[in-house]
Amino acid sequence: MRSVRSVVRTLIAGFLALAGPVLAAPAVAAHAQEVHQSSRTNTASSRQLTISIDAVNPSFATPSSTVTVSGTLTNDTGSPLQGIQVQLLTQAQYFLTRSQMDSYAAGSDQVMSPQPAGNPFTLTGTVHTGATVRWSASFTAAAAGYSASTVGVYPLVAQAQSADGTPYGSERTFLPYWPGQDAADPLNVAWLWPLIDQPQQGACPQTLATNSLAGSLASAGRLGTLLTVGEQWSQLDHLTWVVDPALLSDASVMTKKYLVGGDSLCRGGAREPASATAAEWLGSLTTGTAGDPMFLTPYGDADVAALTHAGLDTDVRTAYQLGESVARKILGRPFGIHGNGPGDGGSPAVAWPAGGTADASVLSSLATDGGISAVVLDSGEMTSTDAPYDNALASTTAGNGSPMGVLLADSGLTGILGSASAGSPASAQFTTEQDFLAQTAMIAAEAPYKARSLVVAPPPRWDPSAAEAARLLSLTYSAPWLHQTGLSSLAAASTRTPHRSLPVSQVSRAELGAGYLGQVRSVDASLAQYTGMLYQPAAGLLQSLDAAAVVTESAAWRGPGAAGGWVALDKLADYLRDREEKVTILGGTKLLLAGASGPAPVSVQNAGQLPVQVAVRVIVPPDSQLSVDNPNALIMIPALKTGTVTMTLHSSGIGTTTIQLQLVTKDGSLLTWRGASQSLSVEATHYGRAVLVLIAAALGVVVLASVTRWIRRRRTDSTAEGRSGGTG
């Protein structure tokens with residue numbers, strides 16, 4: 001019987017695939033989020049009666065079920081109404097494809113023709129204009145004629161009508177159906193549970209850009225909710241935590257006194273006390289997830305695809321290495337290249353690229369720079385290995401030839417999960433939950449006896465209410481067509497599946513743009529200059545500067561978040577420029593070389609707060625008569641001090657030569673800001689040698705005159721002595 005039902009469903013599905021445009025007008029196969037955000041009632045406009053569904057009990061029917069549906073009615077007609085009824089409708093024909101379900105959800109009346117089920121619920125009294133009242137109606141699965149042996153999904157409609165049956169409006173939902181044991185082989189389902197936020201730290205120590213995390217980390221906040229609910233269900237549903245190390249770092253900053261805002265020079269930030277909430281959140285994450293599967297995004301959830309396409313592979317490596325170091329220190333567990341990937345038994349290291357998109361070149365970067373061996377992609381990126389049926393497992397080859405496991409996160413489920421937030425009304429949250437359950441049932445019903453897997457990946461910055469998040473995980477646990485499994489086991493299994501190819505290079509329009517990344521490249525160069533001249537900088541300082549740079553490359557700055565990225569980028573650029581420009585060459589622009597050689601002292605001022613080590617390179621014009629001894633001598637200058645390096649100049653002739661004094665790092669890299677170079681005009685006169693000659697000549701004349709006088713005196717004395725002797 002199993003094989004017969006499977007063949008029959010396959011044939012029917014194939015027929016609908018051909019005849020769908022005529023019979024069902026199906027929506028696109030991607031099951032995109034907008035479909036699930038569309039209205040399911042024709043009473044959404046003003047001055048009508050609006051009906052909504054916010055509960056179906058049980059969430060899925062069995063042959064013996066009595067299904068109770070409840071919700072609200074709001075009278076916006078402008079007149080009081082009496083005798084209003086709510087009639088439930090369904091039909092014995094189940095959906096055959098997910099595209100049928102999408103068309104039905106979008107309001108197509110050509111897909112299904114539901115009929116009344118059970119007795120109508122009649123509201124007593126008058127429903128006054130503007131009033132909202134509750135309703136509840138029931139029917140039995142047996143009376144509805146649901147199949148006794150086939151898992152499936154059925155249409156369910158709540159219709160508001162007058163006492164004579166005239167419809168006012170309706171609301172649609174789905175009702176999954178489970179006929180009993182062995183109706184299908186359960187899907188192996190793995191959940192990603194993301195703890196990712198917009199990064200907050202720049203280069204200024206103990207400073208965050210905004211204080212948004214203060215509310216988000218609280219028990220009722222977004223991240224507080226995800227952590228609390230995730231911990232409650234992590235064991236039952238085998239959740240895999242996905243954590244951005246930048247979030248850990250930001251929360252860690254808040255555990256001590258910190259600053260919020262301020263300018264790029266670290267001035268003017270608002271002072272905040274140490275946050276007990278942040279400390280509790282980090283403590284709960286550390287202890288509550290110990291032993292749970294977990295993998296990291298690159299630091300700041302860096303946009304790996306954009307960086308790869310821009311040729312910034314070094315930045316990808318930095319983001320992964322930095323993220324691993326930060327997370328290891330805060331959570332006290334190994335990760336990534338030197339850890340065990342998701343953390344449950346030496347399983348592959350997994351990456352989840354922004355938007356779930358990647359090409360072969362991006363996979364090469366992930367493999368080489370992140371140590372990644374399996375990747376979670378959107379299901380639209382690659383055809384299922386069991387097409388036309390959904391299956392999450394696939395494999396591919398990176399551009400560098402590395403084998404890569406692929407886990408295809410179902411795009412339809414991702415869209416559904418993102419369709420309602422914590423602030424959505426109860427009916428919208430119910431729609432999300434029931435759609436999620438129905439879609440998983442439909443996937444199972446496509447090929448009920450074919451072993452397949454399902455990966456559920458909410459949006460990275462998902463914002464469900466606590467009740468909605470818990471309900472979704474509860475449905476995953478209770479649905480008999482789902483079998484909970486860890487992501488790492490699917491990652492390991494994916495490497496044994498048929499190979500699928502990805503484009504060698506395919507740039508998504510969602511990626512960080514080329515203009516923005518051009519500025520990122522410029523800031524990278526400035527950072528390299530700054531760190532290159534620091535003298536024995538502390539490892540913590542270098543890590544904080546790397547973190548500030550990687551934060552500017554976050555996928556959070558895609559699309560609507562672009563403004564935040566530019567702010568972070570501009571602040572870092574200004575910060576580096578200010579620090580760099582505090583190191584300058586002092587002195588005049590002219591030097592007189594009186595002799596053929598002479599000393600040339602050059603002073604370098606360090607007005608910064610950190611010691612630096614630089615060299616002064618002398619650039620002499622070609623074919624010059626001037627030469628320099630000991631150029632590029634390193635000099636260490638303490639903070640707020642001035643250092644001097646002395647060189648010896650030699651000139652083979654008389655004249656003026658303009659040379660260039662240029663500060664360089666110890667590895668010879670030029671420092672390029674204004675003040676790091678200076679022109680020096682050297683005038684060689686050779687006056688010193690001429691003076692010596694004149695002095696020597698003068699001394700010679702004096703000596704000669706003295707000798708001459710001495711000789712004359714001697715002659716005079718001799719003559720006088722002779723005359724005296726003759727007289728006697």
- Taking the range 289-315, which residues are surrounded by fewer than 16 Cβ atoms within 10 Å (Cβ to Cβ) and either closer than 20 Å to Asp524 by Cα or modelled with pLDDT of 95 or more (or both)? Gly311, Thr314
- Query: Based on what the data block shows, is Ala469 outside any loop (DSSP other than H, G, I, E, B), crowded, with 17+ Cβ neighbours inside 10 Å and at pLDDT 95 or above?
  - Reply: yes
- If we keep only residues of the range 392-408 that are crowded, with 23+ Cβ neighbours inside 10 Å and part of a loop (DSSP other than H, G, I, E, B), then the residue modelled with the lowest pLDDT is Ala398
- Counted residues, the range 122-137 - those being within 13 Å of Val67 (Cβ to Cβ) and buried (at least 16 other Cβ atoms within 10 Å of the Cβ): 1
- Query: Listed residues Ser113, Ser64, Ser108; which is under 18 Å from Tyr146 (Cα atoms), surrounded by fewer than 22 Cβ atoms within 10 Å (Cβ to Cβ), of a type outside the set (Val, Ile, Thr) and under 47 Å from the mean Cα position of the chain (by Cα)?
  - Reply: Ser113
- Task: Give the residue, chosen from Thr50, Thr68, Thr77, Thr43, that is modelled with pLDDT of 95 or more, among the hydroxyl-bearing types (Ser, Thr, Tyr) and at negative phi.
- Result: Thr68
- Task: Please work out which one of (1) in contact (Cβ under 8 Å) with a residue 40 or more places away in the chain; (2) more than 48 Å from the chain's Cα centre (by Cα) is the condition Gln91 fails and give its number.
- Result: (2)
- Single condition Leu417 does not satisfy, out of (1) closer than 30 Å to Val133 by Cα; (2) at pLDDT below 95; (3) under 24 Å from the mean Cα position of the chain (by Cα): (2)
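Give the range 124-141 a look and list any residue that's under 16 Å from Ser79 (Cα atoms) and not in a strand (DSSP E or B), or say none.
Gly125, His128, Thr129, Gly130, Ala131
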- Selection count, the range 493-512, where residues are farther than 25 Å from Asp303 by Cα and of a type in the set (A, V, I, L, M): 1
- Message: Please list, ordered by residue number, the helices (runs of 4 or more DSSP H) wholly in the range 482-575 having 2 or more residues that are touching a Pro at 6+ places or on another chain (Cβ under 6 Å) and farther than 22 Å from Trp673 by Cα.
- Response: 487-494
- the range 159-173 residues that are over 18 Å from Thr126 (Cβ atoms) and of a type in the set (Gly, Ala, Ser), paired with ones that are modelled with pLDDT under 95 and part of a loop (DSSP other than H, G, I, E, B) (beta carbon under 7 Å, 6 or more apart): Gly169/Asn42; Gly169/Thr43; Gly169/Gln48; Ser170/Asn42
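Go through the range 67-81 and count every residue that is more than 27 Å from Leu475 (Cα to Cα) and either buried (at least 19 other Cβ atoms within 10 Å of the Cβ) or free of Cβ contacts under 8 Å to residues at least 24 places away in the same chain (or both).
1
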- Filter the helices (runs of 4 or more DSSP H) completely within the range 180-283 down to those with at least 3 residues that are within 21 Å of the chain's Cα centre (by Cα) and touching a residue at least 24 places away in the same chain (Cβ under 8 Å). 222-237, 245-254
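Which of the residues that make up the range 673-694 are modelled with pLDDT under 85, small (Gly, Ala, Ser) and either closer than 22 Å to Lys582 by Cβ or in a helix (DSSP H, G or I) (or both)?
Once the filter is applied, which keeps residues that are modelled with pLDDT under 85, small (Gly, Ala, Ser) and either closer than 22 Å to Lys582 by Cβ or in a helix (DSSP H, G or I) (or both), the range 673-694 yields Gly688, Ala690.
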- Among the residues of the range 142-160, the number that are surrounded by fewer than 21 Cβ atoms within 10 Å (Cβ to Cβ) and either in contact with a Phe, Trp or Tyr (Cβ under 9 Å, 6 or more places away or on another chain) or part of a strand (DSSP E or B) (or both) is 2
- Looking at Leu265, Leu282, Leu259, which is the one that is surrounded by fewer than 24 Cβ atoms within 10 Å (Cβ to Cβ), hydrophobic (A, V, I, L, M, F, W, C), within 20 Å of Asp197 (Cβ to Cβ) and in contact with a Cys (Cβ under 9 Å, 6 or more places away or on another chain)? Leu259
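The values are calculated or read from the model by the stated rules, or taken from the named source; none is laboratory data. These figures come from a predicted structure and were not determined experimentally. Quick reminder, even Gly has a Cβ in these numbers, built from the backbone with ideal geometry, and neighbours come from all protein chains shown.
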